[in-house]
There are 2 protein chains.
Amino acid sequence: MAVARLYPDLDIDASPGEAQLHKRAYDRLCEALMRGEFSPGQKLTFRSLAEALGVSVTPVREAVSTLAALGALRVHPKRHIEVSKLSAEAYVEMLELRRLLEGHAAARAAERITDSEVEQIVEINDGLMQYALAGNLRKAMRDNQRFHFAVYRASRSAYLVENIERLWLLIGPSLNLHLAEEYAQGKEVLQSGFENHIKLIDALQERDPSAALSAIIGDMGVSCSHMLAGLLRDSSLSVSVLKELNSLSETPA
Amino acid sequence: MAVARLYPDLDIDASPGEAQLHKRAYDRLCEALMRGEFSPGQKLTFRSLAEALGVSVTPVREAVSTLAALGALRVHPKRHIEVSKLSAEAYVEMLELRRLLEGHAAARAAERITDSEVEQIVEINDGLMQYALAGNLRKAMRDNQRFHFAVYRASRSAYLVENIERLWLLIGPSLNLHLAEEYAQGKEVLQSGFENHIKLIDALQERDPSAALSAIIGDMGVSCSHMLAGLLRDSSLSVSVLKELNSLSETPA
DNA sequence: CCGATTCATCTGATATCACAGTTTCATATA
DNA sequence: TATATGAAACTGTGATATCAGATGAATCGG
């Protein structure tokens with residue numbers, strides 16, 4: 001009971017009832033990480049997760065082992081499970097990878113996307129804008145994720161999309177935390193920064209790969225400032241990070 | 001006993017004795033996949049792997065679950081474990097990703113590599129050439145892997161290197177199989193194709209990122225023909241694959 | 001001789017138990 | 001009051017038992 005209150009509504013029975021428990025546990029934990037239900041550095045245990053998910057520890061261990069191999073969780077032997085913290089340095093490294101992978105995926109999507117897929121993406125973006133205007137950060141972030149991955153899936157490159165998903169999994173907890181912090185401090189998190197979504201949609205409609213690529217890379221810069229503001233609060237190496245970030249902006253994509 | 005003969009020397013006690021059994025099992029299985037100890041499509045079971053590794057099924061399940069999440073293995077529920085087969089289409093998709101990731105890693109390495117690292121890479125390449133001249137395919141492949149990852153590690157981007165490792169894990173079994181096939185058929189697998197290693201070393205010494213990038217991408221073309229020859233043998237979609245491969249070559253990196 | 005059926009065997013999936021470090025906190029000591 | 005101590009509770013780790021579904025070979029019926 002106390003555990004169920006720690007991780008509200010983590011129960012697994014909401015998922016599609018067919019798959020094996022360890023798969024459902026994995027999916028549910030991924031979802032929780034992306035939704036900000038866990039914060040970076042938070043300590044977890046197998047037993048409490050098992051209870052919250054409504055299963056025994058065995059399927060939880062398989063799910064957690066996998067997430068640990070991906071870097072989303074860290075298992076401290078005989079101690080506890082930790083939601084991986086993201087250093088500012090690691091975030092800059094991942095931004096570099098995001099430019100590469102998501103830029104490529106967007107460009108490929110522009111070559112291969114169908115009209116009906118463009119339509120769906122426009123609809124997702126419309127919903128996103130509504131939540132943004134309404135100031136609903138959580139739902140806006142969820143729709144933003146849907147928007148991006150609807151584009152990436154149009155690249156017809158399943159393994160590329162999987163790689164991007166894994167990247168987002170590492171950024172998810174910190175992104176949720178720091179965007180919520182900035183939002184709570186009254187920063188303009190939702191008021192602007194969606195121009196690149198329009199540019200991206202235009203590029204997809206025009207089937208223009210390089211325009212799609214630059215729109216996606218432009219979009220990354222938006223959340224970047226909020227993230228670094230939060231990440232650098234705990235970091236003493238801010239100078240070297242900012243230097244590296246500047247050199248990254250000058251590097252041709 | 002019969003099992004130990006099926007997977008010779010898979011026993012885990014050779015690994016560094018500190019880590020947990022599921023980590024060692026994972027490392028050992030990765031090694032086996034990269035060394036060609038398993039072939040694509042081969043069927044495995046948890047119990048036989050556990051016996052061969054000298055542990056119980058529990059740590060094996062965690063290792064296999066992780067490898068399944070990465071795509072290296074496929075778990076057929078209530079049936080068996082399968083070493084993932086690589087279709088020609090999937091291989092082309094991965095080549096695209098390899099160009100992106102490994103090209104970027106090589107370019108970054110050229111910016112950040114130290115003189116002593118260049119030295120080490122030259123030494124690895126010398127050893128590789130000896131095995132190539134001696135016709136030792138297995139050891140040449142092992143040293144080729146060492147060569148590539150010594151370069152990538154010089155990029156100082158740990159997560160990028162991990163991503164590349166995961167890519168190689170998916171290609172490993174098929175690469176071992178088809179290169180060995182071609183070699184057995186008397187094809188020139190080891191006689192040529194190492195010019196790009198020299199070009200890469202030169203580029204690293206000159207600290208020339210774009211030269212390093214094109215050397216790495218050139219090197220990928222070498223094994224590519226042997227791989228496609230093997231992969232297309234079982235595939236009926238060869239025409240579309242070759243078309244896609246051609247369009248890939250024309251795409252600017 | 002061939003196809004359907006049955007039953008023993010095998011497989012992955014899950015839960016549970018036992019164990020050895022780790023943490024925590026109340027107690028004892030100075 | 002501050003520090004040391006030790007036992008109890010907790011944690012990840014690994015092995016095992018059990019179960020339902022899949023497999024395969026022997027059996028049966030044609």
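The values are calculated or read from the model by the stated rules, or taken from the named source; none is laboratory data. Fair warning: this is a prediction, and the values are worked out from it, not measured in the lab. As a convention, Cβ positions derive from the backbone with ideal geometry for all residues, glycine included, and neighbour counts pool all protein chains shown. In case anyone asks, the SASA skips ligands and DNA or RNA and just uses the protein heavy atoms, side chains included. Shrake-Rupley method; radii C 1.70, N 1.55, O 1.52, S 1.80 Å.
Some notes on this structure:
- Whichever lysines have a C-alpha closer than 20 Å to that of residue B:187, once near sequence neighbours (fewer than 8 apart) are set aside: B:139
- FRET efficiency, residue A:224 to residue B:185 (Cβ-Cβ, R0 60 Å, nearest 0.05): 0.70
- With contributions of -39500 (n - 2.57) from each DSSP H run of at least four residues, the per-residue ellipticity at 222 nm computed over chain A stands at -24000 deg cm²/dmol.
- Rounded accessible area of residue B:142 (nearest 10 Å², 1.4 Å probe): 90
- Span-rule helices in chain A, defined as complete DSSP H runs reaching 27 Å or more along the axis (Cα) with Kyte mean at least 0.5: A:209-234
- Here is how far apart the residue B:186 label points are across copies: 8.3 nm, shortest first, using a point 7 Å from Cα toward Cβ.
- Here the contact order of the range A:125-228, divided by its residue count and restricted to Cα pairs under 8 Å and six or more residues apart, works out to 24 percent.
- Sequence-distant contacts, meaning Cα pairs under 8 Å at least 6 residues apart, place the relative contact order of the range B:10-160 at 20 percent.
- Each residue of the range B:72-86 is assigned a 3J(HN,Hα), and the resulting list reads 6, 10, 10, 9, 8, x, 6, 10, 6, 9, 10, 6, 4, 8, 10 Hz, derived from the Karplus form 6.51 cos²θ - 1.76 cosθ + 1.60 (θ = phi - 60°), x at Gly and Pro.
- Shielding by partners for peptide B:92-104, expressed as the average number of C-beta atoms from other protein chains within 10 Å of each residue's C-beta, is 3.
- Average Cα contact separation per residue, chain B, under 8 Å, 6 or more apart, as relative contact order %: 23
- Using only side-chain charges placed at the Cβ, +1 for Lys and Arg and -1 for Asp and Glu, the dipole size of the protein assembly as shown relative to its Cα centre rounds to 1540 debye.
- Extension reserve of the residue A:76-residue A:208 stretch, reckoned as 0.36 nm per residue once the Cα distance is removed: 42.8 nm
- In this structure, the pairs whose alpha-carbon distance is over 18 Å, taken from A:23/A:85; A:23/B:43; A:43/A:85, are A:23/A:85; A:23/B:43.
- Part-to-part distance (alpha-carbon centres) for the range A:86-128 and the range B:161-177, which is given in Å: 25
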